[in-house]
Every structure is written in C-alpha cells, then in structure tokens.
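The values are calculated or read from the model by the stated rules, or taken from the named source; none is laboratory data. What you see is a predicted model, and the numbers here were worked out from it, not measured in a lab. Every residue, glycine among them, receives a Cβ derived from its backbone with ideal geometry; neighbour counts consider all protein chains shown. Quick note on the areas: whole protein, heavy atoms, side chains included, nothing else; ligands and nucleic acids left out. Shrake-Rupley method; radii C 1.70, N 1.55, O 1.52, S 1.80 Å.
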Amino acid sequence: MTLDLFYDTMERWRNDRFAVIEQHYDVSTYFQGKTVLEVAAAWGHIGSRFANQYGATVTCTDYYDKWIQTINTRYPNIRTRIQDLNKPWDFDEFFDVIIHMGVIYHQPPDLAEIRLREAIAHCSEMIIETLAEISDDPAYIARAEPPREFTWE
C-alpha cells in the first residue's frame, strides 16, 4: 500500500469544504441548472461534484495545461479554459457562482484583491476559501507554498 500524503490531505480538504457548503445550501436543488466557474481547478474534483452531483453547468480554469487536459479526460461534461491568475481577468461571461478555493493565499495581497474584485464583477455569488491568520495588519494575507512534489493524476 502506497501512502500519498498530498492526495490524502487534499481529499480531506475537499470533503471538509463540501461539508461546509452542504451546511449552507440545499445542494439537492440550489445549484441545479446554475452556471458555476471554478477558478484554479487543478484536477477538477470540486467542479465535478457541482456538475455531476449538484446539477450545475460548470467551467473549470487552471494555469497548467496538463490539469486542463486531465479535467477534459475525466469530466468531458465540464468546459475548461486556461487562465493565468497573474494576468487580468479575460472572461466576458457572467456566472451564477464562482468557486475560488485554495487560491487566494498563493497570491501577493495586492494581486489577490484585484483578482477577487474582477471575479466578483462576473458573478451573483462567490464561494471562497482562504487561510485564516491572526494579524494586526489589515492588508496581511499569509502565503502558502504549494507542495514540491505531486502527481498530475
């Protein structure tokens, strides 16, 4: 048996996020037929639950073409698009919901604020997750480095 600490940690992280979402929404009906954009989707697991279990029409974005290819292979019912969060927002579309999880704390604070403002202008509602830190500095955003080793699968 191989232990994949990164994958196991990510699986728990996703399940914790869905537990919170399911506490706030009646997921059996709320997302049905809504348009959802998942920003920085990586493998597309979060977007796939919105598409395949909650009934939403989903678009997933990521910077890495390899992850976009993985999403296209695993979830052909999800639209994909390459998006670099270091560059200005280039969507003309408006979405019912934008999911922005595990991304903000990888961005410099000034850029994170700009990208969030751009995203908010293109949706009715946003589900975000970020790292909580205690600080007296109102502009402080903790940055977390991504894992050094991971698999594309």
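Rg over Rh for the range 60-113 works out to 0.97, using Cα positions for both radii and the Kirkwood form for Rh. Distances between placed amide hydrogens fall under 5 Å for Ile98 paired with Leu37, Glu125, Met126, Ile127, all partners being 5 or more residues away or on another chain. Note on surface exposure: Asp110, Asp84 rank Asp110, Asp84 by accessible area, highest first, 1.4 Å probe. Considering all different alpha carbon pairs of the range 27-116, the Kirkwood hydrodynamic radius works out to 13.3 Å.
Here the Karplus relation 6.51 cos²θ - 1.76 cosθ + 1.60, evaluated at θ = phi - 60°, turns the backbone of the range 65-78 into coupling constants of 4, 4, 5, 4, 4, 4, 4, 4, 6, 6, 10, x, 7, 10 Hz, with x for every Gly and Pro.
Working ranking of peptides 12-18, 115-121, 41-47 by packing, defined as the average number of other Cβ atoms within 10 Å per residue, highest first, is 41-47, 115-121, 12-18.
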